[in-house]
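The structure appears below as structure tokens.
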Amino acid sequence: LRRLECDVALPDYRLYPQVRFDSIARDAVAAVRTLLAEKAGARPLILAGHSAGAQIAMLLTMNRALLGDDANRIVGAIGLAGPYDFLPFREPQHEDLFGPASAWPLSQPIRFARPDAPPVLLLHGEEDRRVRPRQSRNLAERLESIGAPATLCLYPSTGHVDIILAFAAFMRRRSKVIDDLKAFLTSAQDGPAGEHDDPHSLHH
């Protein structure tokens, strides 16, 4: 993205009902590892996603068991309107998607929040009715409570789709989303959270 001054890779993954979530997570891990191998550590890697993509990005960032030592090469994560703390399920098909039942907790990024997590940026529209803003609030508060760097940005009059539409040319000047993303990307690529004045910023 030219305005954000960064290269972007857009990996894909298989979808339900073709596969369940464990396979989706493996697809995401494979994509990240492929990118890391191609980049050979030349530039910082920040994971990002919208909605389900945000859940996957945060899960790969928080749950070190998924990426193993490669988790050390993730310098930040960005979630736009993501679900991070959504048990119990509200939609019946989710029980099958994230099944078996013993695996349901493994789908919740908030359960893997860790003090040594890289900086996280959580963006959410206050009018989001598909994924409620409390999902981002809960994760931000959990990370802050254990001393991990988290920034929460909430946008008034913004719904689930509106927040991703901020990337469209006709919306960029009407939304702060791009500005907040650029500030975070600059900060995350400059160095560890400890080098910044306020690594535990929680704001609206």
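The values are calculated or read from the model by the stated rules, or taken from the named source; none is laboratory data. Not measured: the values here are computed from a predicted model. Cβ placement follows ideal geometry from the backbone for every residue including glycine, while neighbour counts extend to all protein chains displayed. These area figures cover heavy atoms from the full protein model, side chains too; ligands, DNA and RNA do not enter into them. Shrake-Rupley method; radii C 1.70, N 1.55, O 1.52, S 1.80 Å.
Looking at (1) modelled with pLDDT of 95 or more; (2) among the charged types (D, E, K, R); (3) in a helix (DSSP H, G or I), which is the only condition residue 14 fails?
It fails just one condition, (3).
For (1) charged (D, E, K, R); (2) assigned to a helix (DSSP H, G or I); (3) closer than 16 Å to residue 84 by Cα, each residue gets a yes or a no:
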position	(1), (2), (3)
10	no, no, no
18	no, no, no
27	yes, yes, no
30	no, yes, no
43	yes, no, no
47	no, no, yes
55	no, yes, yes
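Restricting attention to region 98-119, and to residues there that are buried (at least 22 other Cβ atoms within 10 Å of the Cβ) and under 14 Å from the mean Cα position of the chain (by Cα), which single residue is farthest from residue 188 (Cα to Cα)?
Per the stated criteria, the residue is 107.
Hey, could you check region 158-180 for residues that are touching a Gly at 6+ places or on another chain (Cβ under 9 Å) and touching a residue at least 60 places away in the same chain (Cβ under 8 Å) and say which is most open to solvent (accessible area, probe 1.4 Å)?
Taking the candidates together, the pick is 160.
Considering only residues that are at pLDDT below 95 and either open to solvent by less than 10 Å² (accessible area, probe 1.4 Å) or not in a loop (DSSP other than H, G, I, E, B) (or both), which ones fall in region 76-92?
Filtering region 76-92 for residues at pLDDT below 95 gives 90-92.
Answer for region 76-92, where residues must be at pLDDT below 95 and either open to solvent by less than 10 Å² (accessible area, probe 1.4 Å) or not in a loop (DSSP other than H, G, I, E, B) (or both): just 92.
Considering only residues that are more than 13 Å from residue 77 (Cβ to Cβ), open to solvent by less than 20 Å² (accessible area, probe 1.4 Å) and part of a loop (DSSP other than H, G, I, E, B), which ones fall in region 120-157?
Residues satisfying the conditions are 128, 131, 133.
Working carefully through the options 8, 19, find the one that is without any contact (Cβ under 8 Å) to a residue 24 or more places away in the chain and surrounded by 14 or more Cβ atoms within 10 Å (Cβ to Cβ).
Of the residues listed, the single one that is without any contact (Cβ under 8 Å) to a residue 24 or more places away in the chain and surrounded by 14 or more Cβ atoms within 10 Å (Cβ to Cβ) is 19.
Restricting attention to region 49-73, report how many residues are open to solvent by less than 20 Å² (accessible area, probe 1.4 Å), modelled with pLDDT under 95 and of a type outside the set (Gly, Ala, Ser).
0
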